[in-house]
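These notes concern the structure reproduced below.
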Amino acid sequence: MGFFDFLTEEIAIDLGTANTLIIHNDKVVVDSPSIVARDRISGKIIAVGKEANMMQGKTHENIKTIRPLKDGVIADFDASEQMISMFIKNIPALKKKLFTPALRMVVCIPSGITEVEMRAVKESCERVNGKEVYLIHEPMAAAIGIGIDIMQPKGNMIVDIGGGTTEIAVIALGGIVCDKSVKVAGDVFTNDIIYYMRTQHNLYVGDRTAEKIKIQIGAATEDLELPPEEMSVQGRDLLTGKPKQVQISYREIAKALDKSILRIEDSVMETLSQTPPELAADIYNTGIYLAGGGSMLRGLDKRLSQKTDLPVYIAEDPLRAVVRGTGITLKNLPKFKSVLIK
């Protein structure tokens, strides 16, 4: 290592289905949607992240928007590699460098991932100049990011609801004791809303509008203490073909999402039922921690709490909990060696 040490930069990446975050020097330097726009004719990437996100659903035949990750794993290898490299090039501190520095990186991956999918992530990172690439399981990173001391012989339960997958894990002694990864998460919620608007209001809305509805008035229960205002939604009327607008209340969204949230609840219950008794005793005292963007759904914590009879806590800044944990791991590599997958 010696001489090249000062040429090596360290970055932590949360490569998510919906958002990619990168930490460099303890700062979140990239926080962008995981989406790229590609020119069909030249095959070049025109835009990435926020700009590409603005184009989603509004493109002509020469531009295609691609979400390179699906269900937490790489679906489009080329696009994901170009996306990661564009993001890394956009880091202000690395722009000033004369030549591309070698990178030491920690990247997080879903816990239900296969060997092959794991290799895809690793190779993507190695092709953007990653000399040392370490992988860490998402629920693990989330736990570290929330501030749990994972090395203790104490059980903690993490539910990380991302864009593509919901990761549920019981963690003790720096390892995952039992875990479940379900493909019901933010993207499924968005599709539920699109389907509901189509069937109940004959209104065809796009992904971005549905996402906006989810963030603005999304709810997991119909009885909220502080209900959000009604929202006007515009789209295409399926009967007349004309653009139209309807008013939507959070109650309708709660109805639309009910089945998917039930599936998450069931998975949490299943994981609890597989937990060894000593750890179950710990969890009774510590409760369940929620991380990821999906945990911001109004009333979800209350609903999970009623289902499990356990206290449920939402991480502060849940969207960044995973990348924060990944960053902490990067700073203390020797301490967390056992947690990482080389």
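The values are calculated or read from the model by the stated rules, or taken from the named source; none is laboratory data. Since the model is a prediction, treat every value here as computed from it, not as a measurement. For neighbour counting, all protein chains shown are included, and Cβ atoms are generated from backbone atoms with ideal geometry for every residue, glycine included. Heads up: the accessible areas ignore ligands, DNA and RNA and are worked out on the full protein's heavy atoms, side chains in. Shrake-Rupley method; radii C 1.70, N 1.55, O 1.52, S 1.80 Å.
A few remarks follow.
- Residues of region 301-339 that are within 19 Å of the chain's Cα centre (by Cα) and either surrounded by fewer than 17 Cβ atoms within 10 Å (Cβ to Cβ) or among the β-branched types (Val, Ile, Thr) (or both): Tyr313, Ile314, Glu316, Asp317, Val322, Val323, Thr326, Ile328, Thr329.
- Flag if Ile88 is touching a helix residue (DSSP H, G or I) at 6+ places or on another chain (Cβ under 9 Å), closer than 27 Å to Asn332 by Cα, open to solvent by less than 60 Å² (accessible area, probe 1.4 Å) and part of a strand (DSSP E or B): no
- Residue count for region 8-26, restricted to those that are surrounded by fewer than 17 Cβ atoms within 10 Å (Cβ to Cβ) and not polar (S, T, N, Q): 1
- Among the residues making up region 27-54, those that are surrounded by fewer than 16 Cβ atoms within 10 Å (Cβ to Cβ), of a type outside the set (D, E, K, R) and on the phi < 0 side of the Ramachandran plot are Ile41, Ser42, Met54.
Yes or no, residue by residue, for (1) open to solvent by 30 Å² or more (accessible area, probe 1.4 Å); (2) in the same structural domain as Leu297 (by the TED database); (3) modelled with pLDDT of 95 or more; (4) within 17 Å of Asp301 (Cβ to Cβ):
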position: Pro227; (1), (2), (3), (4): yes, no, no, yes
position: Ser232; (1), (2), (3), (4): yes, no, yes, no
position: Arg236; (1), (2), (3), (4): yes, no, yes, no
position: Thr240; (1), (2), (3), (4): yes, no, yes, no
position: Pro243; (1), (2), (3), (4): yes, no, yes, no
position: Val246; (1), (2), (3), (4): no, no, yes, no
position: Ser267; (1), (2), (3), (4): no, yes, yes, yes
position: Glu270; (1), (2), (3), (4): yes, yes, yes, no
position: Ala280; (1), (2), (3), (4): yes, yes, yes, no
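- Region 103-120, residues that are outside any strand (DSSP E or B) and open to solvent by less than 10 Å² (accessible area, probe 1.4 Å): Pro110
- Scanning region 122-143 for residues that are within 20 Å of Thr20 (Cβ to Cβ) and either open to solvent by less than 10 Å² (accessible area, probe 1.4 Å) or of a type in the set (Ser, Thr, Tyr) (or both) yields Ser124, Cys125, Gly130, Val133, Tyr134, Leu135, Ile136, Pro139, Met140, Ala141, Ala142.
- Region 55-73 - residue that is closer than 24 Å to Val116 by Cβ and open to solvent by 30 Å² or more (accessible area, probe 1.4 Å) and, of those, farthest from the chain's Cα centre (by Cα): Arg67
- Considering (1) of a type outside the set (Lys, Arg); (2) touching a residue at least 60 places away in the same chain (Cβ under 8 Å); (3) in contact with an Asp or Glu (Cβ under 7 Å, 6 or more places away or on another chain); (4) in a strand (DSSP E or B), the lone condition that Gly57 does not fulfil carries the number (4).
- On inspection, Arg251 does not qualify as surrounded by fewer than 22 Cβ atoms within 10 Å (Cβ to Cβ), touching a residue at least 60 places away in the same chain (Cβ under 8 Å) and farther than 28 Å from Gln152 by Cα.
- Residue in region 111-129 that is over 18 Å from Pro318 (Cβ atoms) and hydroxyl-bearing (Ser, Thr, Tyr) present: yes
- Sole residue being in contact with a Leu (Cβ under 8 Å, 6 or more places away or on another chain) and free of Cβ contacts under 8 Å to residues at least 24 places away in the same chain, chosen from Asp301, Asp309: Asp301
- Taking the criterion of being open to solvent by 40 Å² or more (accessible area, probe 1.4 Å), more than 18 Å from the chain's Cα centre (by Cα) and under 17 Å from Asp301 (Cβ atoms), the residues of region 190-225 that qualify are Glu222, Asp223, Glu225.
- Subset of region 202-222 [touching a helix residue (DSSP H, G or I) at 6+ places or on another chain (Cβ under 9 Å) and either more than 16 Å from Gly186 (Cβ to Cβ) or not in a helix (DSSP H, G or I) (or both)]: Leu203, Tyr204, Val205, Gly206, Gly218, Ala219, Ala220, Thr221, Glu222
- Contact map, region 207-235: residues that are closer than 27 Å to Gln306 by Cα paired with residues that are open to solvent by 30 Å² or more (accessible area, probe 1.4 Å) and acidic (Asp, Glu), Cβ distance under 8 Å, separation 6+ or inter-chain. Pairs shown: Ile217/Glu229; Ile217/Glu230.
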